[in-house]
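The next block holds one structure in the form of structure tokens; read it before the comments.
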Amino acid sequence: MLSADLLALACGSLVGFSLALIGGGGSILATPMLLYVVGLHDPHLAIGTSAVAVAANAFINLVPHACAGHVRWPAALVFAACGVLGAFAGSTLGKRVDGHHLLVLFAVLMLVVAALMLRGRRGGADGSYPKPRLFPRLGATGFGAGMLSGFFGIGGGFLIVPGLIFASGMEIIAAIGSSLVAVGAFASTTAINYAASGLVDWHIAALFVASGIAGGWLGARLAQRLARTRGALNLVFAVAVIVVAIYMLVRNLHV
């Protein structure tokens, strides 16, 4: 039990670090870690537990980004509000699908997202602040990202960051900071839905949250440094997605 707790603390710090650094990687790292490192055996239990931990860590790690001025609040709130509706619908559907199949489908989706991020690395976003006329696009994109987030049982940062850039044209460091609003909202919706079905290990979730605070503050500092080099965060983001997606495919395709 003690070894499992220590492993949970170590994994939680990595989750917090990833969330603050690239706005994603929370659940997509937490779920495999809960299954293969901490030792939870039910994919749905791992998904529900990771959703609780990611929601809390996202809101905590939002603080340093907000203090640094990296959060575009109007865009973030519109995106999150519309996404919560999609997250509820998606998580309700996701509980009915085999857990291992969910992981395989999500890994494939992540490879597509990584390819799009690498493709757009040269052009990048123009850093413009989202105008009111763009809010319908933000809402539609948020709903879609929320539905996929809920279906796969993730915070959705790997979907939200590209979605915010596509819908508003904001720079990636602002998209990362703003994404934590939506990540927290989406993961909270998924967590509530899974908790209602008894699919959350609250002890492990608490350990993830506690250790994620330190990792999150380190990740936020590194993100600010990388943001000064054009395309650096995009590259880190895409590589992280590819590595985890390939690992998940290898672990689950034979199941």
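Points worth noting:
- Here segment 215-238 is the region considered, the condition is being open to solvent by 70 Å² or more (accessible area, probe 1.4 Å) and free of Cβ contacts under 8 Å to residues at least 24 places away in the same chain, and the residue that is nearest to the chain's Cα centre (by Cα) is Arg225.
- Residues in segment 183-194 that are within 13 Å of Phe88 (Cα to Cα) and not hydroxyl-bearing (Ser, Thr, Tyr): Ala185, Phe186, Ala187, Ala191, Ile192, Asn193.
- Some residue of segment 33-44 being open to solvent by less than 10 Å² (accessible area, probe 1.4 Å) and among the hydrophobic types (A, V, I, L, M, F, W, C): yes
- Scanning segment 192-208 for residues that are modelled with pLDDT of 90 or more and part of a helix (DSSP H, G or I) turns up Ile192, Tyr194, Ala195, Trp202, His203, Ile204, Ala205, Ala206, Leu207.
- Scanning segment 239-255 for residues that are part of a loop (DSSP other than H, G, I, E, B) and either touching a residue at least 24 places away in the same chain (Cβ under 8 Å) or buried (at least 22 other Cβ atoms within 10 Å of the Cβ) (or both) turns up Leu253, Val255.
- As a summary of the residue check, Gly212 satisfies the conditions (1) open to solvent by 20 Å² or more (accessible area, probe 1.4 Å); (2) in contact with a helix residue (DSSP H, G or I) (Cβ under 7 Å, 6 or more places away or on another chain) except for the one numbered (1).
- Residue-level analysis places Leu180 among those that are aliphatic (A, V, I, L, M), at pLDDT below 90, in contact with a Phe, Trp or Tyr (Cβ under 8 Å, 6 or more places away or on another chain) and part of a helix (DSSP H, G or I).
- Of all residues in segment 78-91, none are touching a helix residue (DSSP H, G or I) at 6+ places or on another chain (Cβ under 9 Å), open to solvent by 60 Å² or more (accessible area, probe 1.4 Å) and over 20 Å from Ser179 (Cβ atoms).
The values are calculated or read from the model by the stated rules, or taken from the named source; none is laboratory data. Bear in mind the structure is a predicted one, so any value in this text is a computation, not a measurement. A quick note on method: Cβ atoms are made from the backbone with ideal geometry, for glycine too, and the neighbour counts reach across all protein chains shown. For accessibility, only protein heavy atoms count, side chains too; no ligands or nucleic acids. Shrake-Rupley method; radii C 1.70, N 1.55, O 1.52, S 1.80 Å.
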